[in-house]
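Participant: I'd like to ask you about the structure that follows.
The values are calculated or read from the model by the stated rules, or taken from the named source; none is laboratory data. None of the values given here were measured: they were computed from a predicted structure. As a convention, Cβ positions derive from the backbone with ideal geometry for all residues, glycine included, and neighbour counts pool all protein chains shown. Heavy atoms of the whole protein, side chains included, go into the accessibility calculation; ligands, DNA and RNA do not. Shrake-Rupley method; radii C 1.70, N 1.55, O 1.52, S 1.80 Å.
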Amino acid sequence: RFRGVRTLGIMHTDAEEYRALLRERPVWDAGVAVSATCAVQMSTIAADIFDDPPAVRQITYGVPVSADPPRPSDEEKPLRLVYIGRLVELQKRAERLVDLASELKDLGCRFELDLIGDGPSEGALREGFRDRGLEGVVRILGRRSPEEVQAILDESDCSVLVSDYEGTSISMLEAMGRGVVPCVSRVASGVDEWVTDGVNGVT
């Protein structure tokens, strides 16, 4: 500040660690939040810690939007599910994907599930899918380029997200931008602004 450098506070996700950081470092000149929920929380924190609270603005990620997204065909084929994100338990609860796939199998649903991403839960996921006889219908593809992700989305029906909390999920927005139905956790931040259950997605 002595040198005239302005500082932004950014709330990337609805998590206490972000709220604590914003409170502990009350030197930000403006706030940026990725969802309406995060913007309200930032504004509340700003009102508590500043005599003259800085402005808080919501800026949601920009994602590619297809002008002509693929349409479902009448062809009988398995439901194509895709998970795009970090393979971790904290926040993303990635190992719940094993339960999801197992439940679909028990229901007799014909499906395929692609996991795009990597992380410390990858081994547990592979083991869980193997133990439940899901190796033939689930693929862990690792990291992929943005172009490869867009191509996979074009072949997908539903994008799944089993997070415990979010900011605004980039993968959810990217999927919606390609005409893929979001099937996501009903979390406080970044879902109800975009997804209406039973209308343009499933929560």
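Participant: Between GLU155 and VAL88, what length comes free when the chain is fully extended (0.36 nm per residue of separation minus the Cα-Cα distance, one decimal in nm)? Present the calculation step by step, with values, prior to reporting the outcome.
Facilitator: Working: separation 67, 0.36 × 67 = 24.12 nm, distance 2.48 nm.
Answer, rounded to one decimal: 21.6 nm.
Participant: For the full complex of protein chains and a 1.4 angstrom probe, list THR203, THR13, THR44 by accessible area with the highest value first.
Facilitator: On the way: THR203 40, THR13 10, THR44 75 Å².
Result, largest first: THR44, THR203, THR13.
Participant: Mind ranking VAL5, VAL27, VAL180 by accessible surface for me, highest first, 1.4 Å probe?
Facilitator: Numbers: VAL5 90, VAL27 55, VAL180 5 Å².
Heavy-atom accessible area, descending, gives VAL5, VAL27, VAL180.
Participant: Out of the total accessible area of the chain (probe 1.4 Å, heavy atoms of protein only), what percent is carbon and sulfur?
Facilitator: Numbers: 5750 of 11420 Å².
Looking at the chain in its full context, I get 50 percent from C and S.
Participant: For VAL138, what residues show an amide H to amide H distance below 5 Å, using hydrogens built from the backbone and excluding near sequence neighbours?
Facilitator: Distant-sequence amide H within range of VAL138: LEU113.
Participant: Amide H neighbours of GLY167 under 5 Å, counting only residues 5+ apart in sequence or on other chains, H built in-plane at 1.01 Å?
Facilitator: ASP14
Participant: If you don't mind, another one. Gain in length, THR7 to VAL27, computed as 0.36 nm per residue apart minus the alpha-carbon separation, to one decimal in nm? Working shown, then result.
Facilitator: Details: separation 20, 0.36 × 20 = 7.20 nm, distance 0.69 nm.
Stretched fully, the THR7-VAL27 segment lengthens by 6.5 nm.
Participant: Would you kindly state how much longer the chain becomes between ALA124 and LEU141 on full extension, computed as 0.36 nm times their sequence separation minus their alpha carbon distance, in nm to one decimal?
Facilitator: Numbers: separation 17, 0.36 × 17 = 6.12 nm, distance 1.50 nm.
Value of the extension gain: 4.6 nm.
Participant: Go through [x] 78, 15, 10; [y] 36, 19, 15; [z] 29, 25, 15 and flag the label whose value is the computed semi-axes √(5λ) of the Cα gyration tensor in Å for this structure.
Facilitator: [y]
Participant: Let me ask another. Two decimals is fine: what is log10 I(q)/I(0) at q = 0.10, 0.11, 0.20 Å⁻¹ for the range 1-96, from a Debye sum with one equal scatterer on every Cα and no solvent?
Facilitator: Debye curve over Cα of the range 1-96, log10 I(q)/I(0) at q = 0.10, 0.11, 0.20 Å⁻¹: -0.46, -0.53, -1.02.
Participant: P(r) of the range 113-203 in 10 Å steps, Cα pairs, percent per bin?
Facilitator: 16, 43, 36, 6
Participant: Below 8 Å, C-alpha to C-alpha, sequence gap of six or more: please give me the relative contact order for the chain in percent. Don't skip to the answer; put the middle values down first.
Facilitator: Details: 353 pairs, mean separation 45.1, N = 203.
Computed value for the chain: 22 percent relative contact order.
Participant: Mind running the shape call on the range 52-144? Use the C-alpha gyration tensor, a ≥ b ≥ c as the square roots of the eigenvalues: rounded below 1.5 for a/c, prolate if a/b tops b/c, oblate otherwise.
Facilitator: Numbers: a/c = 2.50, a/b = 1.38, b/c = 1.82.
Oblate, since a/c reaches 1.5 and b/c is not below a/b.
Participant: If we count GluC sites (Glu not before Pro) as exposed when they sit in a DSSP loop and have at most 13 other beta carbons within 10 Å, what is the longest stretch of the chain that avoids them all?
Facilitator: Values: sites that count: GLU75, GLU76, GLU135, GLU155, GLU193.
My reading of the result: 1-74 is the longest stretch.
Participant: For the range 95-203, what does the relative contact order come out to in percent, with C-alpha contacts under 8 Å and a separation of six or more? Can you show the working numbers first?
Facilitator: Numbers: 119 pairs, mean separation 21.7, N = 109.
20 percent.
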